[in-house]
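Reviewing the structure listed below.
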Amino acid sequence: MAKANKLTDAQIKLKLARAKGWKRADVGGKPGIARTFPRSNFLDGLAFVTKVAVLAEKANHHPDVLLKWPCVAMSLTTHDAGGLTDKDFALAAEIDKVAQ
C-alpha cells in the first residue's frame, strides 16, 4: 500500500471548512483533527464507537477514541505520514455519517 501524502496547510484549511465540527488537534505529537460527538447515554456511545470501528477497519485507518458519558471524542492523524492526509478527512466524513 502506498504511503499517503501529507496535506499542506492550505489544503487542510479547505478541508476543515467542509468538515463541520472537526478542529485541528495534536494527536500523539502529530498534527491532526478532532471532534466530540454528544451521545444520549453510555450505551449509545458504545454503539457509535462500534460502528466507527467497522469503518476504521475497512479503511485500515484508526482514530484515537475516548468514550465517556455523555460524549465520544475522536481524533485522527496519519501517523506514517507525520500529519494529516486525505485518509483522515475521508474517515472523518464517514464517521459524521454514522454519528447522525
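The values are calculated or read from the model by the stated rules, or taken from the named source; none is laboratory data. Quick caveat: nothing in here was measured; it's all calculated off a predicted structure. Note that we place each Cβ from the backbone using ideal geometry, even for glycine, and neighbour counts take in every protein chain shown.
Pairs are defined by a Cβ separation below 7 Å, a sequence spacing of at least 6 or placement on different chains, a first member in the range 65-87 that is basic (Lys, Arg), and a second member that is assigned to a strand (DSSP E or B); the pairs so defined are Lys87/Thr78.
A quick yes/no check of all residues on (1) touching a helix residue (DSSP H, G or I) at 6+ places or on another chain (Cβ under 6 Å); (2) surrounded by 17 or more Cβ atoms within 10 Å (Cβ to Cβ); (3) of a type outside the set (A, V, I, L, M, F, W, C):
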residue: Ala17; (1), (2), (3): no, no, no
residue: Pro38; (1), (2), (3): no, no, yes
residue: Gly45; (1), (2), (3): no, yes, yes
residue: Val52; (1), (2), (3): yes, yes, no
residue: His61; (1), (2), (3): yes, yes, yes
residue: Asp88; (1), (2), (3): no, yes, yes
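Could you tell me whether any residue of the range 1-15 is aliphatic (A, V, I, L, M), under 18 Å from Val98 (Cβ atoms) and either at pLDDT below 95 or in contact with a helix residue (DSSP H, G or I) (Cβ under 8 Å, 6 or more places away or on another chain) (or both)? Within the range 1-15 (the criterion being aliphatic (A, V, I, L, M), under 18 Å from Val98 (Cβ atoms) and either at pLDDT below 95 or in contact with a helix residue (DSSP H, G or I) (Cβ under 8 Å, 6 or more places away or on another chain) (or both)), the answer is no, since none of the residues qualifies. So, of the residues in the range 34-70 that are of a type in the set (A, V, I, L, M, F, W, C) and either part of a strand (DSSP E or B) or touching a Gly at 6+ places or on another chain (Cβ under 9 Å) (or both), which turns out to be nearest to Ile12 (Cα to Cα)? Going through the qualifying residues, I end up with Ala34. The set of residues in the range 2-17 that are in a loop (DSSP other than H, G, I, E, B) and either under 14 Å from Thr77 (Cα atoms) or charged (D, E, K, R) (or both) comprises Lys3, Ala4, Asn5, Lys6, Leu7, Thr8.
Of all residue pairs spaced 6 or more apart or on separate chains, those with beta-carbon atoms under 9 Å, a first member in the range 27-44 that is closer than 10 Å to Leu76 by Cα and modelled with pLDDT under 95 and a second member that is among the small types (Gly, Ala, Ser) and part of a loop (DSSP other than H, G, I, E, B) are Lys30/Gly82; Pro31/Gly82.
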